[in-house]
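FYI, it's all coordinate maths here, none of it is from the lab. Quick caveat: nothing in here was measured; it's all calculated off a predicted structure. Cβ atoms come from the backbone with ideal geometry, glycine included; neighbour counts cover every protein chain shown.
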C-alpha cells in the first residue's frame, strides 16, 4: 500500500517535522493521506496515479502520510487542510503551504479511478 505511491515518486513523511518541512516549501504540493481502507485501494491510489500519468500533472513535490500508522505525521498534515474533518483517504493540493483543493473520502467512495483522476486533474489545472 505504501509502495504503490512511493513507486510513483511520492516521498513518505514519517514525522510532524518532516510534514512541516515539506508542506511549508514554496511551490505546489500534492499530499495523499493514504489508508488501508477499500476506497483507498480501489479509488484513491489508482485515481491519483492515473491523474499523474494520464493527465500529465506536474507538482513541485509529491508527499504522503499513512493514516493509522504515522498518526502524529498524519495529524500534522491535516492541520494544513483548514479545519476540514479528518477522513481517510484524502488528497490535497497546496500552493506555498496554503490549501487549494481537498478531496475527502466521499470524493473517492464508489468512484472509478478515471473519475477521481479527472477531478484531481481539473483541480490541479485551477491551482
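Structure values in brief
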quantity: Spherically averaged projected area of the chain from its Cα convex hull (nm²); calculated: 6.3
quantity: Exposure proxy order (Cβ contacts within 10 Å, fewest to most) of 48, 33, 100; calculated: 100, 33, 48
quantity: Ranked 28, 87, 79, 64, criterion: other C-beta atoms within 10 Å, fewest first; calculated: 79, 28, 87, 64
quantity: Stretch gain in nm, segment residue 122-residue 82, where the contour uses 0.36 nm per residue and the Cα spacing is subtracted; calculated: 12.3 nm
quantity: Ranked 106, 88, 54, 35, criterion: other C-beta atoms within 10 Å, fewest first; calculated: 106, 54, 88, 35
quantity: Antiparallel DSSP beta bridges within segment 2-110, percent to nearest 5; calculated: 60
quantity: Whole-number percent relative contact order across the chain, with pairs defined as alpha carbons under 8 Å at least 6 apart; calculated: 35
quantity: Gained length - residue 99 relative to residue 69, 0.36 nm times residue gap less alpha-carbon distance; calculated: 8.5 nm
quantity: Whole-angstrom gap from segment 1-26 to segment 47-84, using each part's C-alpha centre; calculated: 8
